[in-house]
Amino acid sequence: LGRKLRSGKGTLQDVYVLYQFVRSLPRLLQVLSGAEAEEMGGEGGALLTQLFVEPLSTAHANFGQFLLLVETAVDLEAVSRHEYLLQPQFSEALQALHEAREEVHEDIEAHYHKIAAQLKLDTAKL
């Protein structure tokens, strides 16, 4: 994933996958720190800290601005529908495309409900 992003061939979906990983780091660090303190102790705990906890803590700290950028620029509501889009307010062209897309989506919904009513189908079950 790193190579793909560095080469400029990464997609917005790849950026989101990295975002999810970075967001999960605090929980991973919490688990590793707990394991270190409770079970490893001594030399094993120090090794775990040196090899994993410290580098992951540094990585998480370095990605703070990345998290903010993704949360600002990526349409996270669209991601929940498996659509990887930028927020439309970043340019007039994106805003126009977003509005046109919404109109088409509304037309599709209207046709869907019309046809379901004609066929006497329960849309909740479709």
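The values are calculated or read from the model by the stated rules, or taken from the named source; none is laboratory data. Here the structure is a predicted model, which means the values were calculated and not measured. Every residue, glycine as well, gets a Cβ built from its backbone with ideal geometry; the counts of neighbours run over all protein chains shown. Accessible surface is based on the protein model in full, side chains and every heavy atom, while ligands, DNA and RNA are left aside. Shrake-Rupley method; radii C 1.70, N 1.55, O 1.52, S 1.80 Å.
Details
- Some residue of segment 31-54 being within 23 Å of Gly2 (Cα to Cα), out of contact with any Pro (no Cβ under 8 Å at 6 or more places or on another chain) and open to solvent by less than 40 Å² (accessible area, probe 1.4 Å): yes
- Contact map, segment 76-88: first residue closer than 17 Å to Arg23 by Cβ, second residue small (Gly, Ala, Ser), Cβ cut-off under 9 Å, separation 6 or more or different chains; pairs are Tyr84/Ala78.
- Counting only residues that are surrounded by 13 or more Cβ atoms within 10 Å (Cβ to Cβ) and of a type in the set (D, E, K, R), segment 70-105 holds 2 of them.
- Residue match in segment 69-77 (condition: in contact with a strand residue (DSSP E or B) (Cβ under 8 Å, 6 or more places away or on another chain) and not aliphatic (A, V, I, L, M)): yes
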